[in-house]
Amino acid sequence: MKNIVSLLFLAVLMLGYTGVAKAEVKALAGIDIENDPNIDFFKPPMKPQPTDRHFWYGRQWRIADFNNDGYNDVVYIGVIKPSNMIDGMDKTLEADGRDWCPNNDCIGIYREPALFLGDADGNLTYSSWLLVDNRKVPGLEGPNQIMIADYNNDGVLDFYFADTGIGGVEGQVNSYFLSQSDGSWLESSDTHLSHSNFVVFDHGAATGDIDNDGDMDIVLTEIHTWKNKTAFWCLMNDGTGFLKKRKCGGAYAFGLELADMDGDGDLDALVGGHELEYSKQSIPGITGIVWNDGKGNFSRKTKVQYYKKKYSGIPEISASDLDNDGDLDIVISRVGEYYVGTAIQIVENLGNKKFKDHGLIELLIAPDNFKTNSEGNKYNTYINSIIFTDVDNDGDMDVFLTGEHKQSNGSILINQGSFVFDLIRPADAHKFITDRTDSKIKFSYKKRTITDDAQSVEDEIAAFEAELEAELETMIVK
């Protein structure tokens with residue numbers, strides 16, 4: 001009887017421990033990887049060779065240690081320049097209501113993502129040959145989002161590129177690169193996606209563990225909600241990097257991010273789109289949060305303050321703890337109709353699914369009388385990426401903003417506390433952020449190849465170092 005009681009007591013302890021452990025589990029989100037505090041953050045150049053020739057506009061980058069060598073690397077994407085572009089479009093992007101290409105059918109050479117690997121001296125070496133794409137039509141056309149995570153759970157970051165295409169709103173096939181044992185990344189759509197030729201106009205995309213099973217999933221926005229009867233597509237990971245597509249609810253959106261906004265341990269969807277279009281959609285949109293039911297389905301919604309009159313468009317949205325109170329606050333990239341004017345909205349998380357708007361910080365204000373019917377206008381300086389890092393080392397998160405336009409790219413919002421931010425223009429940002437565009441940084445096009453012989457030598461060296469370390473530990477113990 002005593003043994004039975006002891007076993008029951010032990011079982012209760014184990015159950016209690018399991019319960020506590022489960023409550024403390026935090027679902028990993030893409031923003032956790034992008035805003036890793038261990039990253040030696042710097043501002044990379046916008047157009048290093050050969051991206052200056054390969055990409056037309058829509059340039060984006062992400063910094064991370066992609067090859068696990070202890071040094072920070074950079075990956076770039078951008079929209080291709082069509083070979084059948086209408087004369088003059090390449091100079092101004094101002095279409096004045098016309099198509100960029102005949103019948104809006106743009107043709108051009110698809111481009112690989114541009115990968116630059118870093119070293120101890122801060123040099124960045126062009127290494128895109130490591131991104132192996134064996135598809136019949138390799139490369140990207142008009143990618144809009146970079147998602148980095150360890151999808152196949154081998155300890156190395158992988159890449160998923162959401163491709164919206166160019167010249168229309170039908171979308172393009174996405175690209176999915178998984179890490180390989182030889183140090184490369186292989187485009188794996190055919191083997192690791194349930195629908196390898198899936199085409200969606202996924203202007204918004206985000207990654208995170210939306211079902212709390214320990215692997216990274218992907219959520220894509222669906223602009224054609226009336227056609228497919230869903231606003232989000234979820235690509236669910238089986239733990240090996242194989243992603244299975246399913247409908248998962250949501251709300252009409254262009255900007256999308258995943259973050260635990262109510263502290264319940266699962267990732268919710270931050271969303272924003274064109275507020276002037278919300279009422280026209282078969283699945284209405286909001287600017288705010290679509291809550292996760294814990295299983296990766298998104299339905300209940302909470303709105304935040306709209307700015308429909310002047311800044312109705314939302315190309316990007318993200319979250320971080322801006323006031324060090326333990327919950328995530330919201331930062332929203334806003335533009336006017338046809339991307340006229342640029343502003344940043346700050347929203348405080350009050351807890352209990354309540355939010356307080358702190359207004360707009362305007363980066364570029366267009367004149368009231370300015371009229372256009374094209375996104376390619378001189379007041380389009382939109383922010384396509386929001387990065388959180390403590391640039392002034394005062395213990396709170398500042399906001400680094402990136403885009404392709406000189407007036408806004410590299411702007412910083414210095415957090416002064418109480419949701420007051422000082423706007424630092426790009427010309428003065430070097431006072432806070434290391435700029436890797438100076439002459440000391442080399443961008444080499446030299447191709448390096450890992451041969452079988454070279455790999456075997458590296459393996460022998462690694463084995464010798466491991467043996468030596470073990471012997472040293474033994475000597476220290478003695």
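The values are calculated or read from the model by the stated rules, or taken from the named source; none is laboratory data. Quick caveat: nothing in here was measured; it's all calculated off a predicted structure. Cβ coordinates were reconstructed from backbone atoms using ideal geometry, including for glycine residues, and neighbour counts include every protein chain displayed. Surface accessibility is based on the protein's heavy atoms, side chains included, excluding ligands, DNA and RNA. Shrake-Rupley method; radii C 1.70, N 1.55, O 1.52, S 1.80 Å.
For this structure, a couple of remarks:
- Residue separation of residue 245 and residue 362 scaled by 0.36 nm, minus their Cα-Cα distance, works out to 38.3 nm of gained length.
- Modelled this way, with points 7 Å down the Cα-to-C-beta line, the labels at residue 305 and residue 425 are 2.5 nm from one another.
- Virtual spin-label span in nm between residue 169 and residue 228, 7 Å along Cα→Cβ: 1.5 nm
- Distance (nanometres) between label positions extended 7 Å along Cα→Cβ at residue 323 and residue 435: 3.5 nm
- Annotation: residue 370 carries an accessible surface of approximately 50 Å², with a 1.4 Å probe and no ligand, DNA or RNA atoms counted.
- Loop-resident sites, segment 309-381, for trypsin sites (Lys or Arg not before Pro), counting at most 16 other Cβ within 10 Å (DSSP): 309, 353, 371, 378
- Built amide H within the under 5 Å cut-off of residue 364, gap 5+: 342
- A cut-off of 5 Å between modelled amide H atoms, ignoring neighbours fewer than 5 places along the same chain, links residue 57 with 79.
- Efficiency of FRET from Cβ geometry, residue 190 and residue 354, R₀ 45 Å, rounded to 0.05: 0.45
- Taking a sphere under 12 Å around the Cβ of residue 344 and counting the other residues whose Cβ falls inside, with K and R at +1 and D and E at -1, yields a net charge of -1.
- Working ranking of peptides 270-282, 296-308 by packing, defined as the average number of other Cβ atoms within 10 Å per residue, highest first, is 270-282, 296-308.
- Residue by residue, segment 118-123 carries 3J(HN,Hα) couplings of x, 9, 5, 8, x, 5 Hz when phi is fed to the Karplus relation 6.51 cos²θ - 1.76 cosθ + 1.60 (θ = phi - 60°); x denotes Gly or Pro.
- Segment 271-276 - phi-based ³J(HN,Hα) in whole Hz, Karplus 6.51/-1.76/1.60, Gly and Pro as x: 9, x, x, 8, 4, 5
- Computed extension length for residue 57-residue 373: 111.9 nm, one decimal, from 0.36 nm per residue of separation with the Cα-Cα distance subtracted.
- Per-residue 3J(HN,Hα) values for segment 378-394, derived from phi via the Karplus relation 6.51 cos²θ - 1.76 cosθ + 1.60 with θ = phi - 60°, read 5, 9, 8, 10, 4, 9, 9, 8, 10, 10, 10, 7, 8, 6, 9, 6, 10 Hz in sequence order (x marks Gly and Pro).
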